[in-house]
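*Asks:* Structure provided below as structure tokens; questions to follow.
What follows is calculated from the coordinates using simple rules that are stated; it is not laboratory data. Given the structure is predicted, the values throughout are model-derived calculations rather than measurements. So basically every Cβ, Gly included, is an ideal-geometry build from the backbone, and we count neighbours across all protein chains shown.
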Amino acid sequence: MKIQVESSSKAFAGGGFLAFRQADRLLDGTISKAINTACHNNGVQTAKRIELLVGQVIHKHESTREAWLDAKRTNAAAFVNLKLSRQDGRNLHRAIEAIGKSGAEALYEGIASAALEKTGVSMAVVHEDSTSQFFTGKKATRAKKGYSRDHRPDKPQVNVGIMHVKGTHFPSAYVVTPGNEHDLQIFVKLVEKAKPETLLVADRGAVSKENKALVIVKGRHYLFGEKLYDPVKREALEALPKMKRVSAGYLACSVNTGEEWRHYFLSEKLRHDVREKRLKHAKETAAEYAKSLSKKKRRSSIKRLTRITAEGEVVVVKQEVVMKRLFRKTQGQIFAELSKDEPLDGVFVLSSDKVSDSLEALREYKGKDEVEKVFCALKSSLHLRPFHARKQECVDGVIFITMLALLVVSLLAFCSHATGVAVKTMVEELRRVTLLVRRAVGNGFRRVACLNLDGLARKLFGDIALLAS
């Protein structure tokens with residue numbers, strides 16, 4: 001297929017496309033090969049369409065039609081060697097569906113494994129967590145109403161569980177489940193995707209005796225945040241006098257139960273925040289109580305009560321006037337009710353079958369904040385929510401493309417030693433990069449110029465200012 005682009009062509013935002021191509025080269029073409037193998041198509045390779053969609057996701061285009069129109073208006077389609085027609089606009093949608101049908105989760109896992117192997121990153125510690133993505137429509141097959149992390153309980157949703165590798169921005173695997181599935185069940189599916197001897201770090205939503213036993217049976221290890229139900233509260237109260245300072249702001253005590261290590265922590269900052277929040281809540285509750293009481297006073301506080309009793313054959317009817325008692329709680333009484341668990345303010349418990357040192361357990365668990373940053377990047381920077389798709393295959397395809405976009409950006413950041421930079425900042429820098437196709441004839445391009453490759457963008461791409469393909 002011949003594509004002729006004049007040297008005076010208009011520059012277009014192409015940092016996302018350049019990022020995909022650079023990531024594919026770093027992995028020796030693994031991304032394109034894996035996609036084309038999974039989605040065999042007669043004609044234009046599916047990887048070209050996915051490259052176009054990944055680039056458009058990085059450049060903030062939230063729908064297939066929007067991506068198609070922008071690619072037609074600019075030289076984006078020419079850069080990935082596609083000549084877009086109305087038919088090919090529909091083919092972009094079919095490419096998303098094809099990815100979903102071919103097993104998007106396994107496809108992503110294979111690409112992520114190649115990236116981890118190429119970069120030499122160890123999967124000794126992984127962080128597990130889940131989030132929800134809601135839909136704008138009501139016709140998606142797997143979408144169910146459930147606990148919404150997006151604060152949209154009125155919308156159907158799917159849950160996305162992610163296994164994130166410590167020290168990187170990108171997940172090694174993910175699963176998509178119905179919106180009403182509990183975190184306990186999502187964790188079970190992710191355990192299968194972890195390698196042997198891996199330490200799985202998860203919060204209290206995934207903890208149960210069954211999940212702990214499953215992790216051990218599968219040859220993995222766990223570090224869980226424990227729920228503070230009554231038996232754990234009693235254990236924590238017994239451990240409080242034994243706690244010693246392990247780092248600035250933290251006191252800890254470790255106990256070996258024979259089956260696992262339990263680490264009891266007291267965070268001074270968390271204790272201060274909890275008490276400040278309780279005092280504020282008591283003041284707000286007292287104000288609402290006083291306001292509600294003043295409304296009751298405006299009503300009649302007198303009530304006539306009729307009593308009918310029988311004394312032998314005589315029926316006695318007595319009418320009494322009863323004054324309603326208006327009882328008002330003080331702020332101190334409300335604060336006392338809220339302070340029943342005050343000795344446990346700032347206390348949290350971690351359990352592990354492997355980590356015996358309390359400071360190491362604290363450090364590994366605090367590192368779980370990285371997976372929250374991944375969720376933030378997917379939802380805010382790469383605009384994964386809300387979904388407009390109806391078919392489950394399309395939903396799986398959209399999630400795959402967004403996860404692949406995150407992998408592409410994170411891989412460039414890791415290889416350029418820019419892992420300390422937020423994904424949001426890197427995506428904004430990529431959107432600033434503009435490309436100009438100087439000349440393109442035949443099956444490829446003679447010369448592609450990057451007009452403003454500077455700052456963080458130059459660090460992400462290295463010292464490459466001109467690209468030939």
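*Asks:* Which of the residue pairs LYS277/LYS373; LYS193/LYS366; LYS145/LYS212; LYS155/LYS227; LYS189/LYS373; LYS101/LYS354 have a Cα-Cα distance greater than 32 Å in the structure shown?
*Replies:* Details: LYS277/LYS373 25 Å; LYS193/LYS366 23 Å; LYS145/LYS212 28 Å; LYS155/LYS227 28 Å; LYS189/LYS373 22 Å; LYS101/LYS354 39 Å.
Cα-Cα > 32 Å for LYS101/LYS354; rest within.
*Asks:* For SER380, project a label point 7 Å along Cα to C-beta. Then give me every residue of the range 399-425 with its amide nitrogen under 17 Å of that point.
*Replies:* Within reach of a label on SER380, which here means backbone N under 17 Å from a point 7 Å along Cα→Cβ, the range 399-425 contributes 406, 420-425.
*Asks:* Quick one: Karplus J couplings for the range 341-346, per residue in order, coefficients 6.51, -1.76, 1.60, θ = phi - 60°, nearest Hz, x for Gly and Pro?
*Replies:* The phi angles translate into 9, 4, x, 9, 4, x Hz.
*Asks:* Largest first and in whole Å, what are the equivalent-ellipsoid semi-axes of the range 220-298 based on the Cα gyration tensor, each being the root of 5 times an eigenvalue? Numbers along the way, then the final one.
*Replies:* Details: eigenvalues 300, 49, 24 Å².
After scaling each eigenvalue by five and taking roots: 39, 16, 11 Å.
*Asks:* Continuing with the same structure: Using Cβ contacts closer than 10 Å as the measure, can you line up TYR147, TYR264, TYR250 from fewest to most? Mind showing how you got there, number by number?
*Replies:* Numbers: TYR147 14, TYR264 24, TYR250 19.
Exposure proxy ranking, most exposed first: TYR147, TYR250, TYR264.
*Asks:* Taking R0 as 25 Å, what's the FRET efficiency between ARG25 and VAL421 from their Cβ-Cβ distance, rounded to 0.05?
*Replies:* Working: r = 21 Å, r/R0 = 0.85.
With R0 = 25 Å, the Cβ-Cβ based efficiency is 0.75.
*Asks:* A further question follows. May I ask you to sort VAL423, VAL126 by Cβ crowding, counting other Cβ atoms within 10 Å and putting the fewest first? Write out the running numbers ahead of the final one.
*Replies:* Numbers: VAL423 22, VAL126 25.
Listing VAL423, VAL126 from fewest to most nearby Cβ atoms yields VAL423, VAL126.
*Asks:* Could you calculate the FRET efficiency of LYS118 with ASP357 from 1/(1 + (r/R0)^6), where r is the beta carbon distance between them and R0 is 22 Å, rounded to 0.05? Working shown, then result.
*Replies:* On the way: r = 32 Å, r/R0 = 1.46.
The pair LYS118/ASP357 has a calculated efficiency of 0.10.
*Asks:* Using 0.36 nm per residue, how much length does the chain from LEU338 to LEU237 gain when fully extended, once their Cα-Cα distance is taken away? Working shown, then result.
*Replies:* Working: separation 101, 0.36 × 101 = 36.36 nm, distance 1.80 nm.
The span from LEU338 to LEU237 would gain 34.6 nm if fully extended.
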